[in-house]
Every structure is written in structure tokens, then in C-alpha cells.
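The values are calculated or read from the model by the stated rules, or taken from the named source; none is laboratory data. Please read these numbers as outputs of a predicted model, since none were measured by experiment. In this analysis, Cβ positions are derived from the backbone assuming ideal geometry, glycine residues included, and neighbour counts consider all displayed protein chains. Just so you know, the surface numbers come from the protein's heavy atoms only, side chains and all, with ligands and any DNA or RNA stripped out. Shrake-Rupley method; radii C 1.70, N 1.55, O 1.52, S 1.80 Å.
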Amino acid sequence: SGETKLRRLLFIARRCEDEQLHASTSAKIVEHIRAGGNVKTFKELTIAYREAQSSATASSQSGPHGSWKGRAVAISGDPDWVEQTDAANKQSRIVLQGRLAAAQSNLNKEAIRTAYVALAQHSAATGESQDALSLLL
């Protein structure tokens, strides 16, 4: 659902030729990223878009989208949102780690499992897929 939906939208946005479809898909991607608080992916897409814009400007001979493979998702940077969301994500992670520590100190197996699952879900939602996997294994 979350990460899969985002990857599918990115696939569509990078390969579609229709400008209207590209714009609406890009808007859905931004909406999905903002709803989930995925700062990492937002930064990656912002950087890729800037690189695509600069390479398209630098070499108009390499095609309509520069030398970048596929179309860039039109995302302009929003440093205020990134800063606020990153701080909120860090705070949420601290709270979840505190719950895990409390469950471990009480030796409550079900609470420990629940805390690990909550941390993994938070990591997955914020774009840290490998961290989420390591928490579950």
C-alpha cells in the first residue's frame, strides 16, 4: 500500500508522455509523501528534479528530458516542511524507543513485540525500509 503505491506512482510519472497525466501523478506523489512524512524520498525526488532541470538546460541535444533516465517528478523543495516533518519524525521515534525500553524493562513479551512492530512501521513510513526490516527480524 504505502511504499508500493509510491513506487507505482513514480513509475507512471517517469514514463508517461501526457503532460496532464504527468502533472496529476506528480501532485499525487507529493500528496502521498507529505501524508506519510517521508522526508527521505521527498529530498531524493527534489534533488533528482533539480538535476534533471539543470542537465536539460545544459544539454538540449540529449533529448527533451536531458540525460536523466526517465522524466523527473516535478517537486519543488519545501525546506520548512522538511524541517518540521523531520523534527516530528525524530520525536515520534524517540517516543517509540521509550515505549520499547519500558516494555523491555518490564519483560512483557507482547509489549516488546508491539513496540518493535510500531518502530518498524514508523521506519517504513518515513522511508527507512532497511531499518524497518532489521527491526522485524
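Let me know the number of lysine pairs in the chain closer than 20 Å at the Cα, not counting same-chain pairs under 8 apart.
Values: LYS5/LYS28; LYS5/LYS40; LYS5/LYS43; LYS28/LYS40; LYS28/LYS43; LYS40/LYS90; LYS43/LYS69; LYS43/LYS90.
Counting lysine pairs in the chain gives 8.
So for the chain, averaging the separation of alpha carbon pairs under 8 Å that are six or more residues apart and normalising by length, what relative contact order in percent results?
Working: 132 pairs, mean separation 31.4, N = 137.
Once normalised by length, the contact order is 23 percent.
First select every other residue whose beta carbon is under 15 angstrom from the beta carbon of THR85; then total the charges, Lys and Arg +1, Asp and Glu -1.
Details: positive: ARG34, LYS40, LYS43, LYS90, ARG93; negative: GLU31, GLU44, ASP78, ASP80, GLU83, ASP86, GLU128.
That sum, taken over residues with Cβ under 15 Å, equals -2.
Using a 1.4 Å probe on the protein heavy atoms only, what accessible surface does ARG7 show? Give it in Å² to the nearest 10.
Approximately 110 Å² for this residue.
So for the chain, taking the charge dipole from beta-carbon charges (+1 Lys/Arg, -1 Asp/Glu), which of ALA102, THR46, SER26 sits furthest toward the positive end?
ALA102
In the chain, what percent of the accessible surface is made up of carbon and sulfur (1.4 Å probe, ligands and nucleic acids excluded)? Mind dumping the intermediate values first?
Working: 4780 of 8800 Å².
Carbon and sulfur together cover 54 percent of it.
Dipole size in debye (nearest 20) for the chain around its Cα centre, Lys and Arg Cβ +1, Asp and Glu Cβ -1?
Values: 17 positive and 14 negative charges, 79 e Å.
With only Lys, Arg, Asp and Glu charged at Cβ, the dipole is about 380 debye.
Taking 0.36 nm per residue of sequence separation and subtracting the Cα-Cα distance, how much length would be gained by fully extending the chain between ARG99 and LEU21, in nm to one decimal? Spell out each step's value before the answer.
Numbers: separation 78, 0.36 × 78 = 28.08 nm, distance 4.36 nm.
Taking 0.36 nm per residue and subtracting the Cα distance, the gain is 23.7 nm.
Please give the helix 79-106 orientation as an angle from the longest Cα principal axis of the chain, in degrees from 0 to 90, rounded to the nearest 10.
Orientation of helix 79-106: about 20 degrees from the principal axis.
Does anyone have the angle between helix 19-36 and the longest principal axis of the chain? Alpha-carbon axes, 0 to 90°, nearest 10?
20
Kindly report the accessible area of the chain per residue (heavy atoms of protein chains, probe 1.4 Å, no ligands, DNA or RNA), in Å².
64
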